[in-house]
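Below: one structure, written as structure tokens.
What follows draws every value from the coordinates through simple rules; no lab data is involved. Quick caveat, the model's predicted, so the values are computed rather than measured. Note: ideal-geometry Cβ built from the backbone for every residue, glycine included; neighbour counts use all protein chains shown.
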Amino acid sequence: MGDIEIQDLRLLRAVADTGSLSGAARQLGTSQGNISRQLQRIERVTGLTLFQRHSRGAAPTQAGRMLLRGADTVLPLVDQLLLSAAEHAAEYDAERDGEYDGEHGGEGAGAPRTGRSLRLGAVPTTVLPALTSTLATLLPQTPLDLRLDESPEVLLGLLRGGRLDLAVLRHWPVLDAPLSGRVDTAVIAEERLHVGVAAQHPLARRPCVTLADLRDLSGQGPGIPVLAEAGHGALCRHLVVAAERHGIRLPVSCAADRTDATARACAMSAVLLGYHGPAPVPGIVHLPLNDDATRCLLLLAWPAGGGLARHGAELAALARETYG
């Protein structure tokens, strides 16, 4: 068996998260043909069949799932190592140049230096339009540079490393490590995950569901298939970890888009997984997932003592007013 590299693990994780080679190509910004060639090379080097290809995409084999569990351990460590290096580099740059005019005693402390954009990182959420509008009013001469990323670990790392000025992220109190390390936060909202089921599904008659409800309704065999839209890999991983805490193994996969997810949910009697406030879909009933392990906090975060520190609580309060 030959060696595989970090980028190989990222490719395998992208295929698993999106459920297809085409989805992985979109996520990684490359072609489907390149993903296919790289996957064939990885399987040739390891001597293992890692994914079963089918008409709807690709699903990991037992060997693939074992390798993915290892990837889920290794990749966060590698990312943290890279982000720690970025933090030290940013600290050096900040000491040398100063991040804000206010650090040099100038008038207008708390605003980015003239000519520099305000760097906002965020998970996809309904509060973004109101937040960006408020920032434009607060700092009218400052262009906004917006980065969307579902991963709170990535956003926190960029924030701590001086690559973001402000971030909107999700924190899972039961599953995530406590937030610490030169970052201040304010709560925008407490969220619960939602699941969508076909109107004729037995769960559709309930006011809410729990992780235990996602077991096979007969009480035997694997759990009910769970689907998420492409790009919700972090959400899928949190659900899997939460379910395993209850001794439940859920078959989770990603659909190409919302239309694909809806059609597959109706055809497979599966459930759709999503965050708070899913858009209405004809034929689908949305229910809150009522378990502490799947509760998350939507947070506004900024560097402690940074240029936007004095505006953080005010911005979070405005975001709370528009949350819905």
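Within the set of other residues whose C-beta is less than 13 Å from the C-beta of Val197, count the net charge using Lys and Arg as +1 and Asp and Glu as -1.
On the way: positive: Arg205, Arg206, Arg264; negative: Asp213.
Taking every Cβ under 13 Å from that of Val197, the sum is +2.
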Amide H to amide H, which residues 5 or more places from Ile188 or on other chains are under 5 Å from it, using H placed in the peptide plane? Leu298, Leu299, Leu300
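At 1.567 mPa s and 4 °C, plugging the Kirkwood radius over alpha-carbon pairs of the stretch 1-60 into Stokes-Einstein gives what diffusion coefficient in µm²/s? Show your work: numbers first, answer last.
Details: Rh = 11.3 Å.
Answer from the Stokes-Einstein relation: 115 µm²/s.
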What does the charge count around Tyr323 come to, taking other residues whose C-beta lies under 11 Å from its C-beta (Lys +1, Arg +1, Asp -1, Glu -1)? -2
Fewest Cβ neighbours within 10 Å first, please rank Trp172, Trp302 accordingly. Trp172, Trp302
Got a sec? How would Thr125, Thr294 order by Cβ neighbour count within 10 Å, fewest to most? Thr125, Thr294
